1. With respect to residue 35, determine if the residue is at pLDDT 70 or above and crowded, with 22+ Cβ neighbours inside 10 Å.
2. List the pairs whose first member sits in the stretch 215-239 and is under 17 Å from residue 44 (Cβ atoms), whose second member is part of a helix (DSSP H, G or I) and among the aliphatic types (A, V, I, L, M), and whose Cβ atoms are under 8 Å apart, counting only residues at least 6 apart or on separate chains?
3. State all residues of the stretch 265-323 that are assigned to a helix (DSSP H, G or I), within 29 Å of residue 49 (Cβ to Cβ) and over 19 Å from the mean Cα position of the chain (by Cα); if no residue qualifies, say none.
4. Would you check if residue 90 is buried (at least 22 other Cβ atoms within 10 Å of the Cβ), at pLDDT 75 or above and touching a strand residue (DSSP E or B) at 6+ places or on another chain (Cβ under 9 Å)?
5. Residue check: is residue 224 part of a helix (DSSP H, G or I), charged (D, E, K, R) and open to solvent by less than 30 Å² (accessible area, probe 1.4 Å)?
6. If residue 310 meets every condition in (1) away from ligand 2 (no atom under 16 Å from the Cβ); (2) open to solvent by 30 Å² or more (accessible area, probe 1.4 Å) apart from one, which number is that one?
7. I need the full set of residues from the stretch 146-194 which are hydrophobic (A, V, I, L, M, F, W, C) and in a helix (DSSP H, G or I), in order please.
8. Any idea which residue in the stretch 260-287 is surrounded by the fewest Cβ atoms within 10 Å (Cβ to Cβ), counting only those that are more than 16 Å from residue 250 (Cα to Cα) and charged (D, E, K, R)?
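The values are calculated or read from the model by the stated rules, or taken from the named source; none is laboratory data. In this text, all values refer to a predicted model and were calculated from it rather than measured experimentally. Because the Cβ atoms are built from the backbone with ideal geometry, glycine has one as well, and the counts that use them run over all protein chains shown. Please note that ligands, DNA and RNA were not included when accessible areas were found on the heavy atoms of the full protein model with its side chains. Shrake-Rupley method; radii C 1.70, N 1.55, O 1.52, S 1.80 Å.
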Amino acid sequence: MSTRFSSRPTELLGIDRIPELLDKRLVFVTGKGGVGKTTVAVALGLRAAAAGKRTIVCEVAAQENASRFFAHTEVGFHEVEMEENLWAISIDPDESMREYVLLQLKVRAMRDMLFRSRFFSYLAAATPGLKELVTIGKIWELAQLDRKVKKGRKYDLVIVDAPATGHGIGFLQTPRTFANIARVGPIHSQAQQLERLIVDQEHTGTAIVALPEEMPVNESATLERELRTEVGVAVDRVYLNGLYPERFTAAEAERLAALAAGENGAVRAAARAAVSEHGRARSQRAQLARLRRRVEAPVKTLPFVFAPELGVEGARELAGKLR
Ligand SMILES: Nc1ncnc2c1ncn2[C@@H]1O[C@H](COP(=O)(O)OP(=O)(O)OP(=O)(O)O)[C@@H](O)[C@H]1O
Ligand SMILES: [Mg+2]
């Protein structure tokens, strides 16, 4: 068992339900690089755990993401308990492949040969997408209620901190791609099984994370369309992350603008900073309105958390604000 956080202010979290999203069994948190996917995945995990769901947050290998929130606990290819009801795992494709082969192949000599010959490394190098496929295979395994792996726990909810969508929607499309390439045989049927899980809109969903700026809003709208039409996965939420507070009314902003043009140096500098932040908050509201017009999923906002580094307490603050 791992270290736990001493006090969990669950009662401070609004632990009401987030229907359509946390009632599912598997949720992919997706979006462009750096928009806050990991932060939102951890916040969703904290929220679900606080509501009593046994939850696991999965990071996809070598991303070094969700685990940084829990600095004192080492997360690897093991299910590590972070807090009550909350586990984390870093999915390593090599380990996933190994586990899979061990479960499938009963002939010991054969297994030994495969591992000794660095079989998977060669195969992975020669087969684009294979790492993604076995990663999704492990996610599927985690979401099963009758897990075959030793000491496999049952989870109510699996949250995936998905890779950035820099390369399109590739990750979630991998099973279909493989099912199409391998027309028959075990790869075909297993890829099909994974594909069925992804498009199972009753149990599987996605949340897109976006930033309140023009390009990211455009990209999120495109991403939603592709996820819906090309992948066939449910898009349950779009989180507009990092929204600045609106601190001033229009009248106050006008007075600030006058001060920003004034004579007094110190006042002028402070007023300029305030005017600039006000401008940013306003343009973010405009982007929020654009996003709402352009996507079908409910758009919910998350505030910018003013902290030097967003640790688990920052994520917990956001967890309480998730809708
Ligand atoms: N609401 C917020 N308020 C303040 N800072 C935030 C917020 N959300 C995220 N951040 C910060 O923004 C940075 C990027 O967030 P995060 O790592 O969650 O993004 P990501 O989408 O997972 O990035 P990557 O694509 O690199 O994995 C981090 O430093 C994080 O602490
Ligand atoms: Mg991340």
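1. For residue 35, the condition - at pLDDT 70 or above and crowded, with 22+ Cβ neighbours inside 10 Å - is met.
2. 233/172; 233/198; 233/227; 235/227; 238/291; 239/40
3. 288, 291
4. Judged against the criteria, residue 90 is a match.
5. Yes, satisfied.
6. If we test residue 310 against (1) away from ligand 2 (no atom under 16 Å from the Cβ); (2) open to solvent by 30 Å² or more (accessible area, probe 1.4 Å), just (1) comes out false.
7. If we filter the stretch 146-194 for residues that are hydrophobic (A, V, I, L, M, F, W, C), which is where we start, we get 149, 157-160, 162, 164, 169, 171-172, 178-179, 181-182, 184, 187, 191, 194.
The answer is 171, 172, 178, 179, 181, 187, 191, 194.
8. My answer is 263.
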